[in-house]
Amino acid sequence: MRTARDEPPDFDDWYGQEFPRVSRAMALAAGDPGLGEEAAAEAFALALLHWGRVRRMESPGGWVYATALNQIRRSWRRAALEDRYRERLRHVHAPPPEPPDTALWRAVAALSPRARTAIALRYVADLTEADVAAVMNVSRGTVATTLSRARTQLAAQLRPVTNGNVR
């Protein structure tokens, strides 16, 4: 049991004496000086927050070391979780493949932005005209008209040409 003369000094003195040692030990334990210092700083911040209880412990230094190690472990778990999440996103949400450089895709690319969007949503995303209207924030009639005009333009651009004559 601690006696009055065993009590640690006030927090500022204790922090000034212990922080460099705890920080170095955590840097070595983590294998990363930045992470070690951050963990030590977090542990001392918690010690200050709970100083009334921590200062009466048998080993306030031991508590700070354990708390700093817990911070490091928490950081490692968070990093591993983030890595798994990023890996999952890479596979689940891979961008769609580039369309082949065909006459159709070149003709679609030449359409107005509104027509391209309507074509993409209706025929690539396979949305209904009502859903396309909701996504584009226009009326269903506007979508129908835009799609009709776009199909007419595409048909004209894609009509086969032989010897300069349209077949």
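The values are calculated or read from the model by the stated rules, or taken from the named source; none is laboratory data. For clarity, every value in this text was computed on a predicted model and none was experimentally measured. In this analysis, Cβ positions are derived from the backbone assuming ideal geometry, glycine residues included, and neighbour counts consider all displayed protein chains.
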Problem set entry | Criterion (part of a helix (DSSP H, G or I), surrounded by 12 or more Cβ atoms within 10 Å (Cβ to Cβ) and modelled with pLDDT under 90) met by exactly one of LEU104, LEU89, LEU147 | LEU104
Exercise. Pick from region 6-25 the residues that are acidic (Asp, Glu) and part of a loop (DSSP other than H, G, I, E, B): which of them is modelled with the highest pLDDT?
Worked result: ASP10
For this session: May I ask you to list pairs of residues, at least six apart or on different chains, whose Cβ atoms are under 8 Å apart, with the first in region 44-57 being within 13 Å of ASP13 (Cα to Cα) and the second being exposed (fewer than 13 other Cβ atoms within 10 Å of the Cβ)?
Result: ARG55/GLU7
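Could you list, in sequence order, all residues of region 17-31 that are of a type in the set (D, E, K, R) and surrounded by fewer than 16 Cβ atoms within 10 Å (Cβ to Cβ)?
Of everything in region 17-31, those that are of a type in the set (D, E, K, R) and surrounded by fewer than 16 Cβ atoms within 10 Å (Cβ to Cβ) turn out to be ARG21, ARG24.
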Problem set entry | Condition met for THR3 (at pLDDT below 95 and closer than 30 Å to LEU154 by Cα) | no
